[in-house]
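Here the structure is laid out as structure tokens; the discussion comes afterwards.
Nothing in this text is a laboratory measurement; each read-out follows from the coordinates by a stated rule. Treat the numbers as computed from the prediction; the structure is a model and nothing was measured. Cβ sites come from the backbone with ideal geometry, for glycine too, and all protein chains shown count toward neighbours.
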């Protein structure tokens with residue numbers, strides 16, 4: 001897949017990994033649709049990057065909102081060849097707190113609803129439009145890249161909800177790739193480690209430095225541009241399919 005020839009949707013494109021991916025795609029000649037909440041920086045980023053980038057107010061957990069966004073993206077870009085799912089939230093709470101209070105089940109549901117169900121909601125709706133694309137010389141009509149996390153494999157204390165949501169993304173990657181193979185649509189996921197994103201923005205500098213030093217090599221937080229580079233490589237490499245790729249500097253998370 002040649003990036004300069006595609007239309008791409010990036011969920012969560014108003015910040016963090018999603019924003020960096022939007023910028024990388026646009027810089028390489030793609031048309032890009034930013035899907036993010038109405039109070040995000042999506043519209044601001046689209047205005048900055050020019051006519052090839054569009055912003056749509058989308059909540060991935062709301063099918064009506066997401067459907068309207070997909071329809072708008074297809075109208076503005078002509079066709080949709082790529083979906084990069086970056087929309088998600090972090091969460092931290094123990095199964096039972098120190099005082100014996102059990103995990104708030106509504107909080108658990110919200111994390112699953114946004115991170116896991118929201119990802120699949122975007123996959124199913126965008127894939128249904130991709131299959132009508134004309135295939136390229138490889139017979140390919142589209143590619144989907146999801147965002148999991150190393151927490152899917154080594155969830156830390158307090159990450160039951162987050163790890164479950166990201167583990168679900170790992171679990172759906174291969175079946176979705178198999179489902180869509182007959183249509184020439186690929187599906188992969190990226191499992192980032194510790195990255196310099198808004199999720200870590202509230203930590204003191206000392207804590208951020210300590211987190212970076214815990215990574216074997218390079219001993220620093222990942223850069224969103226490194227995520228974007230891998231997402232673009234997945235789009236370009238037709239043999240990458242059904243796989244979750246760790247992007248983590250060889251870190252293996254400890255319990256805390």
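Per-residue Cβ neighbour counts within 10 Å put 37, 180 in the sequence 37, 180, beginning with the fewest.
Using all pairs of distinct alpha-carbon atoms, the Kirkwood hydrodynamic radius of the chain works out to 18.4 angstrom.
How much FRET efficiency would the formula 1/(1 + (r/R0)^6) give for residue 252 and residue 181, where r is the Cβ-Cβ distance and R0 is 35 Å, rounded to 0.05?
Here the calculated transfer efficiency is 0.65.
Region 15-65 and region 143-220 have Cα centres lying 20 Å from one another. When restricted to Cα atoms, region 1-147 yields an Rg and a Dmax of 16.7, 61 Å, respectively. Sorted fewest first by neighbouring Cβ atoms within 10 angstrom, 223, 2, 166, 98 come out as 98, 2, 223, 166.
At an R0 of 51 angstrom, the distance between the Cβ atoms of residue 220 and residue 132 translates into a FRET efficiency of 0.75. At full extension, residue 48 and residue 205 could sit 53.6 nm farther apart than now, given 0.36 nm per residue minus the alpha carbon distance. Say a paramagnetic label sat at a point 7 Å from the Cα of residue 110, along Cα to Cβ; which residues of region 59-85 have their backbone N under 19 Å from it? Under cut-off, by backbone N: 59-63. The sum of -39500 (n - 2.57) across all DSSP H runs of n ≥ 4, divided by the residue count of the chain, sets its helix-only mean residue ellipticity at 222 nm to -12000 deg cm²/dmol. State, as an integer percentage, the relative contact order of region 3-245 based on alpha-carbon contacts under 8 Å between residues 6 or more apart. Across region 3-245, relative contact order equals 20 percent. In terms of surrounding Cβ atoms within a 10 Å radius of their Cβ, 34, 123 rank from fewest to most as 123, 34.
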